[in-house]
1. Assess whether L268 counts as being touching a residue at least 24 places away in the same chain (Cβ under 8 Å) and surrounded by fewer than 22 Cβ atoms within 10 Å (Cβ to Cβ).
2. Kindly provide the set of residues from the stretch 323-343 that are assigned to a loop (DSSP other than H, G, I, E, B) and within 14 Å of the ligand (Cβ to nearest atom), ordered by number.
3. Among all residue pairs at least 6 apart or on different chains, which show Cβ distances below 8 Å where the first residue, located in the stretch 39-56, is without any contact (Cβ under 8 Å) to a residue 40 or more places away in the chain and within 18 Å of A69 (Cβ to Cβ) and the second is among the aliphatic types (A, V, I, L, M) and within 11 Å of the ligand (Cβ to nearest atom)?
4. Would you point out which residue out of D316, D337 is among the acidic types (D, E) and surrounded by 11 or more Cβ atoms within 10 Å (Cβ to Cβ)?
5. Is there a residue being assigned to a helix (DSSP H, G or I), within 28 Å of K260 (Cβ to Cβ) and among the basic types (K, R) anywhere in the stretch 42-57?
6. Of all residues in the stretch 277-296, which are in contact with a Ser or Thr (Cβ under 7 Å, 6 or more places away or on another chain) and either under 26 Å from G232 (Cα atoms) or of a type in the set (G, A, S) (or both)?
7. Just checking, which of C244, C258 is assigned by TED's automatic domain parsing to the domain that holds R358, within 12 Å of the ligand (Cβ to nearest atom) and modelled with pLDDT of 95 or more?
8. For the condition within 30 Å of D256 (Cβ to Cβ), β-branched (V, I, T), at pLDDT 95 or above and in contact with a Cys (Cβ under 7 Å, 6 or more places away or on another chain), what is the one hit in T61, T85, T10, T92?
Amino acid sequence: MKVDGTSYRTIWLAKDGRSVEIIDQTRLPHEFATLRLASLGEAAHAIKSMQVRGAPLIGATAAYGVALAMRDGTSDAALGQAYDTLLATRPTAINLRWALDDMRQRLKALPPGERSAAAWRRAAEIADEDVAINRAIGENGLGLIRDAAARKPPSSGKGGATINILTHCNAGWLATVDWGTALAPIYMAHDAGLPIHVWVDETRPRNQGASLTAWELGRHGVPHTVIVDNAGGHLMQHGQVDLCIVGTDRTTATGDVCNKIGTYLKALAARDNGVPFYVALPGPTLDWTIEDGVRDIPIEERDPAEITRMTGRTADGKILSVDITAPGSKAVNYGFDVTPARLVTALVTERGVAPASREGLLRLYPERKAAAAGE
Ligand code: MRU
């Protein structure tokens, strides 16, 4: 996507051909800064500190992290160490393990002397595949937005023909290599001339909505409004939301979805108000080994200081952090929650739209049928 007229992905090979560059997402929205990653340690730090974040981008960064590790050694031990270091960075997004398994399996099959070049090649392929997958999700999701537009004639409602879409966290191009998952259909709808408006949940405590989603929608000219996380239910009760669309960090074989904390509450409100609740996901976000998301998906717990402190820019341009709780107040910082499949209207994937169920997923990914039958 474009930033001030220049096309960017969120991660790319640096000019030296032996390191990668990223957009440092911890600096947005106040500063657009890029950062060079030149080692395994720097790649792991970028994921852990959320300089890069979003399930698909975490996977792509991990793949490049393995390639960076190969600069210092290509033995089985070096490969194993890179795998373990990167896997330990964040627990919930399954794309991380997917990318690491893919890299390890391919590289282990090669003699050490060929591993480095193969690692860079495969990491670039994973990044390119992510872009293609998200473009396809966008095309498939666009049909759902067109359907919503068709259900809403120009004369109806307060907003006329405007389609109001609510999203949570950031599942835009910043969360992927390009396009985004949940936001890809939104960009395509906007580019196709559909009159859309996006309600952006601020997404406490890291504010991915307020700081990232609003920023990227604004760069692309998509009309949007930031709301506090608790406003969605009220807007739905008043007919101000035509559909919700969010991303997911891990989707079970039965269609439960795990996404940024607060997603579940939006799905409950959507169900109570008859608002369609869609979840956009790339194939690598599917964890076919898990059935019950509430029971089995590990939920990241982050530093409570992310809750008790807030960071922002002052009128004179300084970035400041301030305490928002009394000294000694305890906080607990769960990063994700699970929305059961029964609350999801449909899953939007690169292969099409399907009900959130084992049958729906197997219809899109029939190659998994044999594995499912053998379980
Ligand atoms: O903690 P984050 O910012 O990595 O969480 C990101 C999300 O929850 C996204 O919605 C999810 O990764 C889907 S991104 C296409």
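1. Criteria met by L268.
2. Here is the first cut: in the stretch 323-343, the ones assigned to a loop (DSSP other than H, G, I, E, B) are 324-332, 335, 340.
The answer is G335, and nothing else.
3. A46/V52
4. Details: D316 fails: surrounded by 11 or more Cβ atoms within 10 Å (Cβ to Cβ).
Result of the check over D316, D337: D337.
5. For the stretch 42-57, residues assigned to a helix (DSSP H, G or I), within 28 Å of K260 (Cβ to Cβ) and among the basic types (K, R): present.
6. Result: F277, Y278, V279, A280, L281, P282, G283, T285, G293.
7. That would be C258, the only listed residue that is assigned by TED's automatic domain parsing to the domain that holds R358, within 12 Å of the ligand (Cβ to nearest atom) and modelled with pLDDT of 95 or more.
8. Numbers: T61 fails: in contact with a Cys (Cβ under 7 Å, 6 or more places away or on another chain); T85 fails: in contact with a Cys (Cβ under 7 Å, 6 or more places away or on another chain); T10 fails: in contact with a Cys (Cβ under 7 Å, 6 or more places away or on another chain).
So the residue among T61, T85, T10, T92 that is within 30 Å of D256 (Cβ to Cβ), β-branched (V, I, T), at pLDDT 95 or above and in contact with a Cys (Cβ under 7 Å, 6 or more places away or on another chain) is T92.
The values are calculated or read from the model by the stated rules, or taken from the named source; none is laboratory data. This one's a predicted model, so the numbers in the text were calculated from it and none came from an experiment. All Cβ positions, even for glycine, are placed from backbone atoms using ideal geometry, and neighbour counts span all protein chains on display.
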